[in-house]
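Just below is one structure, and these are the notes that go with it.
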Amino acid sequence: MSEEANIGVRMAFLGVVVIGLFAALFARIWFLQVLATEEFRVQADTNQVRLVTTSPIRGRILDRNGVILADNEYVGVLTVDPNEFADDEQRDFVLSEIERLTGESRDDLLVRLEDAGADPFAARVVVAGLDEQMLEIVTERALPGVTAEVSAIRIYPQGATAAHIVGYVGAQPKGWGARHPNDRYLPSDPVGRSGIEALFEQQLRGLPGARKIEVDRTNRIVRELGEDPSLAGHDVHLTIDLELQAAVEFFLDEGLRGRRGVQSEDDDRFFYPAYGGSAIVLDIRNGDVLAMASNPGFDPNWFIEGISREQFDSTFNDPLRPGALNNRAVQGLYAPGSVFKLVTSIAGTRAGVIGGRTQFEDEGFFEVPRDCGSTCRFRNAGNAVYGNIDLSLAITQSSDAYFYSIGYDLWNIPEPDERQWAIQDAAKDLGFGQQTGVQLPFEKAGRVPDAEIKRNLFEARPDVYLAEENSIFWVPGDNINLSVGQGFLTVTPLQLVNAYATWANGGTMFQPNIADRIESRRVGTVGDVVLEIGPRVVRQLDFSDVPRSVINEGLEGVTIARNTRSGLTEGTAFTAFRGWDNRGYGVVGKTGTAEADGINRALGRKKEDTAVFVGWAPRDDPRYAVVVVLEEAGFGGEAAAPVARNIIDALRKLEQNWEDPEDLPLVPVDQPGSSCPQIPITLLRDPTYIFRVPEGCPYGIPTPVITATTVDPEAENQ
Amino acid sequence: MMPQRSVLNDRSRHRATQSPLRHIDWTLPALAIGIAVFGGFMNYSSTWRLLEFNGDDPYFFARRQAVFISVGIFAMVIAASVDYRIVRDFAPQLYLAILVVLVAVLFIGKEVNGAKAWFQLPSFQLQPAEFGKLVVIVTLASFAANQGGRLGLNGLLNAIAIVVIPMVLIFRQPDIGTMLVYVAIMMGMLLIAGAKIRHITVLSVLGIIMIVTVFNAETLFGTPLLGESQSDRLVAFLDQDADLGDTGYNLDQSQIALGAGGLTGRGWLQGTQTNLQLVPEQQTDFIFTAAGEEFGFMFGSLPLMSAYLLLMWRILRAGQLSRDLFGTLVCAGVLSMLMYQIFQNLGMTMGIMPITGIPLPFMSHGGSSIITAFVAIGLVINVRSHRFSS
């Protein structure tokens, strides 16, 4: 009994302790929340903590030898927040003070301050390039709304060279923040707008950091509470060789300028406009893009430092040099003309409508056998008559009649036989009508036309197409036009060069690479390869059913004069390659003179022909494929081939300094059952994480969806 | 006290009255679950903004806490349904097991903020010292019950040894905050177990000296004994508060937050101190601050603290009503454990206790702590519901 009572008392004592402790808590919370609340609330309102996002340092872009194409520079900038001004009078005072201190003209300052396109709540950079002393002077003046600080800006040390590949950074397009809700973009953060800068925005940008600061009611910093440092963006290393790139750009420009002084073949009152063009050098052994030029061009630094009205107009508003921002190598869509005859040759021999050595009588035209009036007669260019020829000579001399007949014979194959679409099939095999997958934004797919595509075109725009009294069905003329690379067919220069590269290397089709690898620049992992992009094989083509030697004989003859039964036969690019060291570094290829549809609006007359040359070198050990496309420049052999010659000449010299690329293992992409993991999205979220590509897994960069903001050359040409 | 015992002895009642189900005190689980659910909301309120700022799922902590609570409730049901006397039979085995685990964690544990107190499991960490509290309660209760309500000097030293061995292991981690919970459990249970008043007095004096020493270790010896925090930290971001070396700062901010909450609070998700992450360890050690700031005295602190008080009262009642000394001792142990944690944690946020990182039962984010608290309540329900069973 006494024992139980004892426990009872002790339990009661425990209860008393509980009540005592709670009494203390209640008393304290009563004091805090009821008696002293006013005082605390004032403190809570005055002391605020701000999380301030700090921008990371953007990664660089480098060429294959480590030459820097895009970098950052630290400069003193003066920003003004227009929302801080009490009234216009105060604003005027501040502006005149800045004018006095920095010497910038008041009008310029006002223009920059009232930039209509900028976010109205963001502070604006009004003066850049201030030195430290000036920064101090401005800071000491303590002008309202004015901040003077050191800030990193993007610079492009190579200027206009490789500008279309590198791209540029600029103000965020509308809705950017909403599309990237989790990436903590500040409204004033520049973002990649085109080229590598846009495609690799995520990798280049890095991860923003944050500073936690306590501020008082007037936004003055009371103390720094902590910092989560930003993480630098990764470097993107490209496959291009800057020296070659510069040479290719120079010769492309030189070629275009030259054509502007040549009278048009069709109408000698006019000169060729030679609006622009593109040239590409591709390594056929691994798909590396060694150079890729597009003309006209621009200097990406203009987007950073600002551009004058004059500069802007002369570059972007010149009707005679349209689409300066476009990378014509991947965005330009052209009828390829005769260079497409390689595809028709493959299709015709594969379908069995011709043999490599079958003789053909070229009378200067091809007539559709059924009576359908004069429009059924398709003539050779320049009404030339080539006489008795075989496939090889038809290619060397570029006989249209020969290929017209292939086009017609294929069309004539009755319905269930799939061979009637042999040209289309061969074209798609060689990569036409689809994106090549190069790491550049806005790449066009082009079009390999067939009955269905034609019908869709006509149904979508009957006003445009039926006006030409054309049939909505796939008629003989459609296949005949296609056989010589005309009609509804459109291709990009990159597709052309990649198709020829695939043919030249025996059938290995690569996705061209312009990005080689991504390297870390973060503390502790500097130089580590974050992502290695190896050769990416799309598919292996089989040309065993095609007389390769006959076709190559024809292509080899294009740049030389070859012996035939009827004496020396000059290829279509013979003149351009006169005196070339054919033994040592033979050039194999094809010229094209493609009719361009439509009217040149700026000049108000029919468009001149597109001049094309595509081929490879050296003949005996194919290493490089080259394409040159010149808009409205006339004959391929006359306009494009000389440019190609200059490029190959430069290539031959520069090649001496290059190491032989090692024999890299080739693994097909999209290999069935392959266990290669996807590139994790977390790649950049985790600072310590480095994605190592498993052996044998080739990786490309998945193409992010980017809203096209540059001008579409196709739309422009309409 | 006495009247209840006479009811217990009244055999005239129907036999079904012995069924444990009929004697469950539903207030106990209701209070525990109610506080836990409220805690889940506060977990969200105190973390969503930072998570969103970082581009993470704003429900991350709330979702995890919901899982912990569910597991906790399940564990509570188990702990309430197995007759607690079976637990008593297994006390030695449990005790040995927890010692092994506490040793193991020193070698293979994951170090968080300088304390090797966690086992890393996929997606969460296990803190054995939390579960160890329950094992110590059961073991000590079992030992003391066998002593028949009186503890001589020998018994007392044995009882102390039972608690001190795991305490030493936890001290090695080092996790002083949790270690002090063991001290509280020991003091509460020794009182009920029948230790002599003079022994308790001596122990108390020693305990107070120890606590004061620990809290002032930095001034006395130049090295702090208290870890900055022993809580489960998942967001390493902006964790550099500790680098400021300014514990007073945290304390100030916590009090400002509570004070600013005032009588009626600033509204759900509206607490500026809470939202701005001014108060550190918002979802763990300082979770009460969020409740106090956003719901104020009337709708936050007062109801919450009353719920805790009521919970303590029901545990005390269960201990008084227990049919045996073992049950009473288990309840006393649970009461001491929860009471110390509540007082220490709330007192810390209010600025009347120094900062030691121990979780607020049922509220703070963390799986081990939530599950331990629920199992403790399960044991109390168990003791109470079996008071008539033979």
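The values are calculated or read from the model by the stated rules, or taken from the named source; none is laboratory data. What you are looking at is a predicted structure, and each value in this text was computed from that prediction instead of being measured. Reconstructed Cβ throughout: ideal geometry from the backbone, glycine too, with neighbour counts over all protein chains shown. Only protein heavy atoms, including side chains, enter the accessible area calculation; ligands, DNA and RNA are left aside. Shrake-Rupley method; radii C 1.70, N 1.55, O 1.52, S 1.80 Å.
The mean count of C-beta atoms from other chains within 10 Å of the C-beta of residues in A:226-239, rounded to a whole number, is 1.
The protection proxy used here, the mean number of other Cβ atoms lying within 10 Å of each residue, ranks peptides A:597-604, B:333-340 as follows, highest first: B:333-340, A:597-604. Couplings 3J(HN,Hα) of the stretch A:326-340, computed from phi: 6, 8, 4, 4, 10, 10, x, 10, 9, 6, x, x, 5, 4, 6 Hz, in residue order, whole Hz [Karplus 6.51 cos²θ - 1.76 cosθ + 1.60, θ = phi - 60°; x for Gly and Pro].
Subtracting the Cα-Cα distance from 0.36 nm times the residue separation, let me have the gained length for A:Glu459 to A:Arg652 in nm, one decimal.
Gain on extension, A:Glu459 to A:Arg652, equals 64.5 nm.
If R0 equals 25 Å, the separation of the Cβ atoms of A:Phe13 and B:Leu310 corresponds to a calculated FRET efficiency of about 0.80. Is chain A best put as rounded, prolate or oblate by its Cα gyration tensor, with a ≥ b ≥ c the root eigenvalues, rounded for a/c under 1.5, and otherwise prolate when a/b is larger than b/c, oblate when not? In terms of gyration-tensor shape, prolate.
Relative to one another, the C-alpha centroids of the stretch B:180-209 and the stretch B:134-178 are positioned 11 Å apart. Computed from the C-beta positions of A:Lys428 and A:Thr575 and an R0 of 35 Å, the FRET efficiency is 0.55 to the nearest 0.05. Separation of the alpha carbons by more than 27 angstrom is noted, of A:Lys174/A:Lys607; A:Lys454/A:Lys606; A:Lys341/A:Lys606; A:Lys174/A:Lys454; B:Lys133/B:Lys196; A:Lys444/A:Lys590, for A:Lys174/A:Lys607; A:Lys174/A:Lys454. With a 10 Å cut-off around each Cβ of B:340-347, the average count of Cβ atoms from other chains is 3.
What is chain A's relative contact order, in percent, from Cα pairs under 8 angstrom and six or more apart in sequence?
Here the relative contact order equals 14 percent.
The overall shape of the stretch A:404-501 is oblate: from the C-alpha gyration tensor, with semi-axes ordered a ≥ b ≥ c, the ratio a/c is 1.5 or greater and a/b is no larger than b/c. Per the 1.4 Å probe, what fraction of the accessible area of the stretch A:53-238, in percent, lies on carbon and sulfur atoms? Heavy-atom surface of the stretch A:53-238 belonging to carbon and sulfur, 1.4 Å probe: 48 percent. At a threshold of 40 Å², the residues of the stretch A:179-218 that become less accessible to a 1.4 Å probe in the full protein assembly than in their chain on its own are A:Arg184, A:Lys212. Once A binds B, the 1.4 Å probe can no longer reach about 4900 Å² of accessible area, counting both sides. With all protein chains in place and ligands, DNA and RNA left out, the 1.4 Å accessible area ranks A:Asp108, A:Asp390 as A:Asp108, A:Asp390, largest first. When shorter helices are ignored and each DSSP H run of at least 4 residues is given -39500 (n - 2.57), the per-residue value for chain A at 222 nm works out to -9000 deg cm²/dmol. Hey, could you grab the Kirkwood Rh for the stretch A:53-238? Inverse mean 1/r over distinct alpha carbon pairs, Å, one decimal. After inverting the pairwise mean of 1/r, the radius is 18.2 Å.
Rolling a 1.4 Å probe across all protein chains gives A:Asp425 an accessible area of roughly 70 Å².
Only protein heavy atoms count here; on that basis, with a 1.4 Å probe, B:Phe362 has an accessible area of about 0 Å².
Which residues, if any, in the stretch B:177-199 lose at least 20 square angstrom of accessible heavy-atom surface (probe 1.4 Å) when the other protein chains sit next to their chain rather than the chain being alone? Buried on complex formation: B:Leu191, B:Ile192.
Of interest is the spacing of the C-alpha centroids, which for the stretch A:560-631 and the stretch B:289-322 amounts to 90 Å. Calculated accessible area for chain A comes out at 45 Å² per residue, all protein chains present (probe 1.4 Å; ligands, DNA, RNA ignored). In the stretch A:128-212, Cα pairs under 8 Å separated by at least six residues give a relative contact order of 23 percent.
Rounded, prolate or oblate, given the Cα gyration tensor of the stretch A:507-588, with a/c below 1.5 counting as rounded? Oblate shape, in that a/c is at least 1.5 and b/c is the bigger or equal ratio. Sorted largest first by accessible area at a 1.4 angstrom probe radius, with every protein chain in place, the residues A:Met292, B:Met210 fall in the order B:Met210, A:Met292. Across the accessible surface of the stretch A:2-46, with the other protein chains kept in place and a 1.4 Å probe, carbon and sulfur atoms take up 71 percent. Compared with the alpha-carbon gap, the fully stretched path from A:Arg106 to A:Asp71 is longer by 9.5 nm at 0.36 nm per residue.
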